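Worksheet: one structure, shown below.
The values are calculated or read from the model by the stated rules, or taken from the named source; none is laboratory data. Note that the structure is a prediction, hence the values are computed from the model and not measured. No Cβ is skipped: glycine too gets one built from the backbone with ideal geometry, and neighbour counts run over all protein chains shown. SASA here: full protein model, heavy atoms, side chains in, ligands and nucleic acids out. Shrake-Rupley method; radii C 1.70, N 1.55, O 1.52, S 1.80 Å.
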Amino acid sequence: MKEFGILITLTFITTFGCYSQVQDEYQESTFQGAEEVSIGQHNPIVDLINSNSVGQTIKIGNLEIMKNDIVEETLNWNDATAACSNLGDGWRLPTKKELHVMYINRKKIGGFSSVSDTGKENYWSSTSESGFNENVYWQSFSDNDISLSSEKIWTYGVRAVRTITPAPSNNVKKISWH
């Protein structure tokens, strides 16, 4: 029985040692494509994003939308939020409703993937579940699915938007008194 206990202990140590090694290797390659990364990790590509990253935009109603994703790769929710913020001048992640408007107008906007095996057909929103800030919505552009995720470490596409405030009108008639 003692030999069986030693065998179990050695198996556990060997397994744990291999798992630890795999974790270390995984940590080194976290920023390649659509892999899951932990919330504490940061994608360095986000630091390179600035106002020059905006590119072409399209206006739908009072919403200005980037015609392309911020970056080619997918980002976790925290990096997606930071990337939009780095654009400055009011750029942000779209709300759940704005993402749906984008889905409806996806052909007019352009640049969205509708192929479900690319990993880029899903896009983050800024809308969280009422009372649960850790749960946020995302939208699939392959099938119009709007889902709630408690996994902000998942990586999805990022398309920034900003609200356009109309300029005040100068169409005020002057009244002259004679």
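Take Gln41 and His100, extend 7 Å from each Cα along the Cα→Cβ direction, and tell me the distance between the two endpoints in nm.
Distance between label points: 3.4 nm.
Around Glu64, what is the net charge, scoring Lys/Arg as +1 and Asp/Glu as -1 over all other residues with Cβ under 15 Å from its Cβ?
Overall, the nearby charge balance is +4.
By the scheme Lys and Arg +1, Asp and Glu -1, what is the net charge of all other residues having a beta-carbon under 15 Å from that of Lys107?
Combined, the nearby Lys, Arg, Asp and Glu give +3.
Note down the accessible area of Ile104, probe 1.4 Å, to the nearest 10 Å².
The value for Ile104 is about 110 Å².
For the residue pair Ile58 and Lys108, what label-to-label distance in nm results when each label sits 7 Å from Cα along the Cα-to-beta-carbon direction?
Each label point is offset 7 Å from its Cα along the Cβ direction, giving 0.8 nm.
Pulled fully out, how much extra length does the chain show between Glu129 and Asp145, if you take 0.36 nm times their separation in residues and subtract their Cα-Cα distance?
Between Glu129 and Asp145, full extension yields an extra 4.2 nm.
Give Lys97/Lys120; Lys108/Lys152; Lys107/Lys152 a once-over and call out the pairs whose C-alpha atoms are over 24 Å from each other.
Over 24 Å Cα-Cα: Lys108/Lys152; Lys107/Lys152.
Net charge around Asp79, counting only other residues with Cβ within less than 11 Å of its Cβ (Lys, Arg = +1; Asp, Glu = -1)?
-1
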